[in-house]
Amino acid sequence: MYRQILKEIKKYDTIVIARHIGVDPDALCSQLALRDSLRLRFPNKKILAVGNGSAKFSSLGNLDKIENLENFLLILLDTPDKKRIDFAGWGQAKMIIKIDHHPFIEKIGELEYIDDHKCSTCEILMDLIKKMHLPCNSQISRTLYAGLVSDSNRFLFDTITPQTFELVTYYLKNYPFTLSEVYKNLYMRPIKEVRLQGFIEENLNLTENGVAYIKITNEDLVRFHADSASGGNMINDFNFIEEALIWVIITEDIKNSNIRINIRSRGPVINHVAEKYHGGGHMFASGARVSCFEEAELLLKDLDAVAEEYIKVCEENENKNE
Ligand code: AMP
C-alpha cells in the first residue's frame, strides 16, 4: 500500500495535505512532517498543509494558505469522516488518499491506509517515511515524535507496541533532536490554565458507576480567563482516578453556540456513545458537540449505562475465574 501511495504522489504537481477540524498535535504534526518530507523529495511540486491553525500549537510549525488549486491530489490525514475534514475544497480533489488511525467510519479516498491499532497517525507516517526512503531531518523527526507523544499521552496507552519504540529509536538515532524541546512545546502553559485545572479537580462529580464529569460554564471560563478549548485540552490529566472508569469534560462554547465534550475511558468502549451525540473518536478517547447542557446530561446517562454494563461483565468474568 505505501508503494501505491508514493506512486500516486509522483503523478501530481499539486498536493494538498489536510486533516480534521479541531486541530490537535497528532493531526497537525502528521501533515507538517509529511509536507516537509515530500517538499525535500519533490522540490518542484506545490505541496500545501492546510486547515485552521491554533495559537496553542503554533510552536509546532506553520500551515499554508490555500492558493490556485487545480488538478490536485488530496492526502487526508487523521480523519475518519467527511464531516470533520478541515478543508472546504476537498471535493475538488482529482484523487484522495486517506491515512488514519481512527476506527473506519466511511470511505473517502480511492486509496485508504487505515490502522486503528496504531497510537497515532504520526506513527504510521514514521513507518511510511522510513520504508519509502523519503527524506527526513531532525526537524521532521521532532515533529513526528511530538504528534506520537501527544496522541499516546506519553506512551501511556496499549496501542504502544515494540514497533513504536523501534520507530522512535530509529528516528532519534538517525535524526536526533532535543526531547525537552518537544515537551516544552507541547506542555508549557500559562498559570490561568493550571488554576482552571485546580477548579476541575475540586469540582469533579462522580456517578454511581464511575463516570467522573465536570460542567464548565462560560462564566467559569471568564473567571479563569480561559477559552472553551482549555478544559478539554486537560482531559488526559485525569487518567488515574481510582473511582473513575470514564471521565468527561463538558464546556460551554458560546462562540459556536454549543457544548463541547471530551471523553476518555480506561475500559468501557465510549465512541458509540459519542457517535450518538454527533461526535466520534477512538474506543477509549472520543469527543462530541451537543446543543445544550440538558443534552450533555443524556450523554452522561448513556455513559453511566456503558460503565455499569462494563462493571457487570468484569464481575461475571471474575466469578467465572474463581
Ligand atoms: P479530543 O478529546 O478532542 O482529544 O478528541 C478525542 C478523539 O475524538 C479524537 O480522535 C477526535 O478526532 C475525536 N473527536 C473529538 N471531537 C469529535 C467530534 N465532535 N466528532 C467526532 N469525533 C470527535
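For the chain, the per residue solvent-accessible surface stands at 49 Å², with DNA, RNA and ligands left out and a 1.4 Å probe. Show log10 I(q)/I(0) for the stretch 191-321 at q = 0.14, 0.17, 0.18, 0.22 Å⁻¹, two decimals, from a solvent-free Debye sum over equal Cα scatterers. With one equal scatterer per Cα and no solvent, log10 I(q)/I(0) is -0.58, -0.83, -0.92, -1.32. Estimated from helical segments only, the mean residue ellipticity of the chain at 222 nm is -12500 deg cm²/dmol, where each DSSP H run of four or more residues counts as -39500 (n - 2.57). In this Cβ point-charge picture (+1 for Lys and Arg, -1 for Asp and Glu), the stretch 110-154 has a dipole of about 360 debye about its Cα centre. What's the angle, to the nearest 10 degrees (0 to 90), between helix 2-11's Cα axis and the longest principal axis of the chain? The angle comes out at about 50 degrees. Shape summary: the stretch 250-304 maps onto an equivalent ellipsoid whose semi-axes, from the alpha-carbon gyration tensor, are 19, 11, 9 Å in decreasing order. Across all directions, the shadow cast by the convex hull of the stretch 145-199 built on its C-alpha atoms averages 4.7 square nanometres. Per-atom-type breakdown for the chain gives carbon and sulfur 49% of the accessible area (1.4 Å probe, protein chains only). Taking 7 Å steps out from each Cα toward its Cβ at L69 and F165 produces label points 4.1 nm apart. Listed cross-link partners K184/K255; K10/K83; K98/K131; K215/K276 are compared with a 26 Å cut-off, the Cα-Cα value being larger for K184/K255; K10/K83. Note on surface exposure: D115, D26 rank D115, D26 by accessible area, highest first, 1.4 Å probe. The alpha carbon radius of gyration of the stretch 2-186, expressed as a multiple of 2.2 N^0.38 Å, is 0.94. Neighbours of G91 by Cβ distance under 13 Å: Lys/Arg scored +1, Asp/Glu scored -1, total +3.
The modelled label-to-label distance between M1 and A305, using points 7 Å beyond Cα along the C-beta direction, is 3.4 nm.
Sparse packing (at most 14 other Cβ atoms within 10 Å of the Cβ) combined with a DSSP loop state is found for the following trypsin sites (Lys or Arg not before Pro) in the stretch 70-101: K94.
For the chain, what relative contact order do you get, as a whole percent, if you take Cα pairs closer than 8 Å and at least 6 residues apart?
In percent, rounded to a whole number, it is 12.
For the chain, a Gaussian network of Cα nodes joined below 10 Å ranks I140, I214, I241 by mean-square fluctuation, and the top entry is I241. Which of the GluC sites (Glu not before Pro) found in the stretch 161-239 are loop residues per DSSP with 14 or fewer other Cβ atoms within 10 Å of their Cβ? Passing both the DSSP loop test and the Cβ count: E208.
Over the stretch 173-248, the hull volume per residue, using the convex hull of the C-alpha atoms, is 119 Å³. Against the main long axis of the alpha-carbon atoms of the chain, helix 138-151 sits at an angle near 20°. With the convex hull drawn around the C-alpha atoms of the stretch 107-266, the volume per residue stands at 163 Å³. Treating each Cα of the stretch 51-159 as one equal point scatterer and applying the Debye formula with no solvent, the log10 of I(q)/I(0) at q = 0.16, 0.22 Å⁻¹ comes out as -0.87, -1.48. A convex hull fitted to the Cα coordinates of the chain yields 145 cubic angstrom per residue.
Charged side chains reduced to their Cβ positions (Lys and Arg at +1, Asp and Glu at -1) give the chain a dipole of some 1980 debye around its Cα centre. Does anyone have the angle between helix 191-203 and the longest principal axis of the chain? Alpha-carbon axes, 0 to 90°, nearest 10? The helix 191-203 is inclined about 40 degrees to the chain.
The values are calculated or read from the model by the stated rules, or taken from the named source; none is laboratory data. It should be emphasised that the depicted structure is a prediction, and the values quoted were computed from it without experimental measurement. Virtual Cβ from ideal backbone geometry, glycine too; neighbours counted across all protein chains shown. Ligands, DNA and RNA are stripped out before the accessible areas are found, and what is left, the full protein with its side chains, is counted by its heavy atoms. Shrake-Rupley method; radii C 1.70, N 1.55, O 1.52, S 1.80 Å.
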